[in-house]
Every structure is written in C-alpha cells, then in structure tokens.
Amino acid sequence: MKYYSTSKKLITNVKNFYTIFLYKRNLKINKDDLFFGWGRKKSGLKAMNLAKKYNTKFILLEDGFIRSLNLGVEN
C-alpha cells in the first residue's frame with residue numbers, strides 16, 4: 001500500500017506521521033493505495049476525484065489538527 005497526494009505542502013507537513021508520495025499521472029495505482037488531501041480544499045477534492053478514478057480510497061486531513069500534533073512533537 002502506498003500513499004499519494006497532489007499537495008507538496010501536505011506531504012511536508014505530515015512527514016512525521018505518514019510517508020506520502022507526490023502523485024504523477026503515469027503512476028501505477030493499486031486498489032489498496034490511498035490518496036490524501038487537505039479537507040475540502042483543492043487537494044482534498046483532487047484526492048476524492050483520483051480515488052474515484054482509480055477505484056481506491058481517500059483520506060482528507062484537517063490542517064489545524066496536524067498543526068496541533070506537530071506542536072506536541074516539537075515541545
């Protein structure tokens with residue numbers, strides 16, 4: 001199982017929790033792969049559309065929640 005996103009910012013911000021690869025068009029996507037995006041923002045909508053296209057699942061993250069987790073890691 002691999003994780004993908006179209007958002008470089010998301011990939012950077014969650015690197016302590018997930019290993020997410022930048023999605024590129026010619027990748028082979030398996031049914032157990034996941035797409036990640038920020039909530040209902042542009043990357044979240046892309047994650048939902050890509051999951052539908054490849055018949056796989058998606059996860060939408062909330063950036064405020066991720067920021068609060070990073071605060072705990074840094075202190």
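Just so it is clear, none of the values below were taken in a lab; they were calculated from the coordinates. Computed from a prediction, not measured in an experiment: that's the story for all the values here. Please note: Cβ atoms are built from the backbone with ideal geometry, for glycine as well, and neighbour counts cover all protein chains shown.
Pair-distance distribution of region 9-52: all C-alpha pairs, bin width 10 Å, starting at 0; shares per bin in whole percent are 25, 58, 17.
Between residue 21 and 3, 4, 5, the built amide H atoms are under 5 Å apart, and every one of these is 5 or more places off in sequence or on another chain. Rounded to whole numbers, the Karplus 3J(HN,Hα) couplings from phi for region 16-26 are 6, 10, 9, 9, 10, 9, 6, 6, 10, 3, 8 Hz, using 6.51 cos²θ - 1.76 cosθ + 1.60 with θ = phi - 60°, and x at Gly and Pro. The trypsin sites (Lys or Arg not before Pro) of region 1-51 that meet both conditions, a loop assignment by DSSP and at most 12 other Cβ atoms within 10 Å of the site Cβ, are 15, 24, 25, 28, 31, 40.
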